[in-house]
Amino acid sequence: MDNRTDAELVRAAVDGDVESFGELFRRHYGTAVAIAFARLGDRHLAEDVAQEAFAIACREISRLEKPARFSEWIGTITRRTASQIAKRRKTAVEIPSDYAPTEDNASLETEIDLIRAAVGDLPESWREAVFLHYFSGLSYEAVALSLGITVQAVHGRLSRARRALGEQISRRIGTQTGN
Amino acid sequence: MEHQSPDLDALLKKVLGPPPQPDFAAWREQNLDAVVELQQSQQQPRKTLVTRRRWLIKTASVAVGIGGVAVAVSLANYGGDRRAVAAVIETLKRAETIAWTTTFHHRVTSRDGKRRWIERESRESAYRWPGLYREVFRSASGEILQIRITDALRSKTTTLFPATKEAVVASTSSPHNPNGPFAWVPTAMVQHDLELVETVRTPRGEASLLRAAFYDRANQEEWSYDFLIAKDSKRLVEINLPGKDIYDPETDPDRDAAAEAAWSTLTSAGTLIHDIVFDAEFDASAFSLQSPAGYTVRSEAGPSNVQEEDVAEFLRVLAEINGQVFPDRVTPTAISSAQLRELELKADRSPAENRLLDIMARVKQGAGNRLPLAAFVQSATTPDTFRYIGKGVELGDASRLVCWYMLERTGRYRAIYGDLSIRDVASDDLPLPAKF
């Protein structure tokens, strides 16, 4: 197991050590996929975006002025790469969001569909925290590092997200049952 | 009420699916070009350096045994690289003035391409903190041709022509580092492994030759710096770029070849920075931007005439020459002076090559002999905001970014796309953080 800090790995990578970059990849791939998934709603596309983000990071790593913030940096690159791809896809084809329930199929929604739709309705900053924690399995501390916020702020976002999800689910169940 | 049940947590995990599994080996295969760029920085030379340093230490140990005391003593008295490096860095930080001579060694090829020779050009330079430079350009016979004073902090120059008593004042971005001529040296000494190559005798006494050898990723070649440090004062006395392992003016095969009037290409063989003197004494007027009495003063427009549209056209031509794909990189230069010279001499130029030369001729004077892209970046954009990511982008692809920059006069980011459209762009929409 590699016990070096992210900063040490970044410095080694800047010096040409590919394995050090590989360790950064392994540590933070989940972060990148989660952020892209939160933005795009498509897991396969999210993995493509994450891989592209790491390619950019690999080329530009010498420009990272604060090596200890690699996690946050890769998140920012991923966000922007995902946005660019989202814009290109909107221009080319109208792709229905995975999170978009319609009046017609609301009655057919399963619990999973309800939660998926509710997640899609969350504000983006809460949604990112949800994906980072529940999808990529990051601890609150790791989520905080990835988003550049405090652990308390992560607690806050996830609490608010869970509350909102609960309300959304209840509302949708009410809609389905006519209550 | 918060829906904080374990059920919701479990459901969220189920809905979102299993976590992604990083497969670096697969990613590496798909992104070999990025990996190669990372890999080719300094690994190989460092291995070589370690081997040679061990050899030197072993040699010293053996030498002691058989009476080669001089070698062992010189290594022992040297006191190690770190103290000397620290002393050099300290001197550079404290120096109020520095004087030095730069001798450029140009490798020139004859018109028919069959012979080569070395031409030397020297320049006396001086620096006064903060940010003031003085350069004296002489003819082959030693006559002063011009004296240029630069304020690198304020981007102002005054060039004096003693023969005609003319002075030209300009506001232009300076090639000089406002932090001093050798501000790059501490970083180079710390960033690269230093090898103690040998002790040399200079006119000012013995000096240790420290070499930093590495792979220059920008130019894709092995490169090195030689630093000569005086043994007694621990001051920097000479720098060779590249080091003598790559170019040695005393042994280079072209060093004694006769120069010819007609030539085809000229490239840099090496640059020697020598006779470095710290805290040299200068008259205050030596760095004055005021023209001396009796000189006719002319003002020169500083900013280049290169517009965004010229940059787009330049990129178009580069892409056409590169098979309808934008080049991999445009720094340190999109096209070298040697390549341009070759194009000028080429008999059967393509339409794109002709247009490239047309652009160069059209913008050359206003761009101060810089390439259009360099002139535009230096004169019209906020420093360190230009980024190029055109590698692999096909000419005509409107969805792909080729480059972006912040226009200095507006403070807004602009981007050029694969179809050469130029648009405002928000910094948040850029694929790389503007500053991190």
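The values are calculated or read from the model by the stated rules, or taken from the named source; none is laboratory data. Predicted model, so just to flag it, every value in this text is computed and none were measured. No Cβ is skipped: glycine too gets one built from the backbone with ideal geometry, and neighbour counts run over all protein chains shown.
When segment B:394-409 is filtered for residues that are out of contact with any Leu (no Cβ under 7 Å at 6 or more places or on another chain) and not in a loop (DSSP other than H, G, I, E, B), the ones remaining, listed by number, are B:Glu394, B:Leu401, B:Cys403, B:Tyr405, B:Met406, B:Leu407. Could you list, in sequence order, the residues of segment A:26-74 that are within 15 Å of the chain's Cα centre (by Cα), farther than 25 Å from A:Arg116 by Cβ and at the interface with chain B (Cβ under 7 Å from one of its Cβ atoms)? Residues satisfying the conditions are A:Phe54, A:Trp73. Might you check whether a residue that is modelled with pLDDT of 65 or more, away from every other protein chain (no Cβ under 12 Å) and not in a helix (DSSP H, G or I) occurs anywhere in segment A:153-165? For segment A:153-165, residues modelled with pLDDT of 65 or more, away from every other protein chain (no Cβ under 12 Å) and not in a helix (DSSP H, G or I): absent. Does A:His133 satisfy being more than 13 Å from A:Glu72 (Cβ to Cβ), within 10 Å of chain B (Cβ to nearest Cβ) and either without any contact (Cβ under 8 Å) to a residue 24 or more places away in the chain or in a helix (DSSP H, G or I) (or both)? Answer is yes for this residue. Return yes or no: is B:Thr187 among the hydroxyl-bearing types (Ser, Thr, Tyr) and either farther than 29 Å from B:Ala213 by Cβ or assigned to a strand (DSSP E or B) (or both)? Criteria not met by B:Thr187. Filtered by the rule that a residue be closer than 21 Å to B:Glu206 by Cα, basic (Lys, Arg) and over 20 Å from the mean Cα position of the chain (by Cα), segment B:226-281 gives B:Lys231, B:Lys234, B:Arg235. Quick check: is even one residue across segment B:113-122 within 24 Å of B:Gly243 (Cβ to Cβ), surrounded by 18 or more Cβ atoms within 10 Å (Cβ to Cβ) and in contact with a Phe, Trp or Tyr (Cβ under 8 Å, 6 or more places away or on another chain)? No, segment B:113-122 has no match at all.
Across segment B:3-45, the qualifying residues are those that are in contact with an Asp or Glu (Cβ under 9 Å, 6 or more places away or on another chain) and modelled with pLDDT under 80, and the one among them that is farthest from A:Val14 (Cα to Cα) is B:His3. Scanning segment A:136-152 for residues that are surrounded by 14 or more Cβ atoms within 10 Å (Cβ to Cβ) and in a loop (DSSP other than H, G, I, E, B) returns A:Ser136, A:Gly137, A:Leu138, A:Ile149.
Kindly indicate whether A:Glu65 is free of Cβ contacts under 8 Å to residues at least 12 places away in the same chain and charged (D, E, K, R). Judged against the criteria, A:Glu65 is a match.
The residues on offer are A:Ala36, A:Ala13, and the sole one that is under 30 Å from B:His192 (Cα atoms) and either touching a Ser or Thr at 6+ places or on another chain (Cβ under 7 Å) or not basic (Lys, Arg) (or both) is A:Ala13.
If you go through segment B:383-399 and keep only what is charged (D, E, K, R), over 21 Å from B:Pro372 (Cβ atoms) and without any contact (Cβ under 8 Å) to a residue 24 or more places away in the chain, you end up with just B:Asp397.
Filter segment A:107-130 down to the residues that are more than 9 Å from every other protein chain (Cβ to nearest Cβ) and modelled with pLDDT of 80 or more and list them by number. Those that are more than 9 Å from every other protein chain (Cβ to nearest Cβ) and modelled with pLDDT of 80 or more: A:Ala117, A:Ala118, A:Gly120, A:Asp121, A:Leu122, A:Pro123, A:Glu124, A:Ser125, A:Trp126, A:Arg127, A:Glu128, A:Ala129.
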